[in-house]
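Nothing in this text is a laboratory measurement; each read-out follows from the coordinates by a stated rule. On a predicted model such as this, the values are computed, not experimentally measured, just so you know. FYI the Cβ positions are ideal-geometry reconstructions off the backbone, even for glycines, and counts take in every protein chain you see.
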Amino acid sequence: MLLLAPHFLFAEDLSGIWKGTLSQEPGGCYPTYFIEFQINFSNDSIRGSVYDYYDTGKFVKLNFTGKYNPLTHHLTLVENKVIQYSIPPDCVPCIKTYDLVYANTGTEETLTGDWKGHIVERTKNCPPGKITLKKTSHSDFPVDIPQSDSLAEIQESLHLAPRTKDIVTTVSVSVPQIKVELYDNAEVDNDTITVFVNNKLLLYQQRLTEKPLTLYFNAFPNTEYELEMYANNLGLIPPNTALMVVTAGKKKFEVFLSSSETKSAAVKFVYKPVIP
């Protein structure tokens, strides 16, 4: 047992950008597609977005959830919703399930396996196929931020007046998991805020108090993230101010934010992994 123990000391980090190709048996729109997974991985559970595309102008974007078994290195990913698509009229989106195996050669990380699925809003099956991906640092599409269905519905009907952004600082972190806490700065005076990360609504019309408003997101390497604090009002003591506490691993950062009716405070985040 002592000889085997080191094998289990290093858990795989599946979070990040995975790119490759997806083949399809005869009957599909194209015999081969490009594919990109944006995976957020935590506690053996997976969620994220996938772009299934012929080129960046012909694509289907879906979200997915899944599970990872660290003993067998096996992943099962299930697409559950079409988010966006731009495809030829004679093509239809396919909702897919992937059975994949993770491997690490020391120089590259791969996911390989099979997929099957059904045509969206129909019971008819899509022709199945194979899939091969490699982990990479570059995305062909905007990096997505996971969002609840309720917030997605709010954002679809949201019409906020445009404001300039004041970039307060850039926070560099060495771990992918980022926790953000927002407090009212100094006196609690009924400041209310809406928060976006990479233009994705994560907090809507929330009141700042002495207790934190908390949100989490995973960062991918070499990808810039921007948090915007939009003031819904100015409280009793203008402008709308907040203390932001960022926790990333063992490190904490404090940033003071101030937003008005014409300007939103913003903070950029960059994840730079520590190279052993």
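Spin-label model, Tyr85/Glu153: points 7 Å from Cα along the beta carbon direction are separated by 2.3 nm. Mean residue ellipticity at 222 nm from the helices of the chain, using -39,500 (n - 2.57) per DSSP H segment of n ≥ 4 over the full residue count, to the nearest 500 deg cm²/dmol? After summing the helix terms and dividing by residue count, I get -1000 deg cm²/dmol. Over all pairs of different C-alpha atoms in segment 5-136, the reciprocal of the mean inverse distance, the Kirkwood hydrodynamic radius, equals 15.2 Å.
In this Cβ point-charge picture (+1 for Lys and Arg, -1 for Asp and Glu), segment 5-136 has a dipole of about 260 debye about its Cα centre. For the chain, the direction-averaged projected area of the alpha-carbon convex hull comes to 17.5 nm². Taking only the alpha carbons of segment 182-233, we obtain Rg and Dmax values of 12.3, 38 Å in that order. Pairs of Cα atoms nearer than 8 Å and 6+ residues apart set the relative contact order; for segment 141-266 it is 32 percent.
Using a cutoff of 8 angstrom between alpha carbon atoms and counting only pairs six or more residues apart, the relative contact order for segment 5-136 works out to 22 percent. Projecting the Cα atoms of Tyr53, Tyr271, Tyr30 onto the charge dipole of the chain, computed from C-beta unit charges around the Cα centre, puts Tyr30 farthest toward the positive end.
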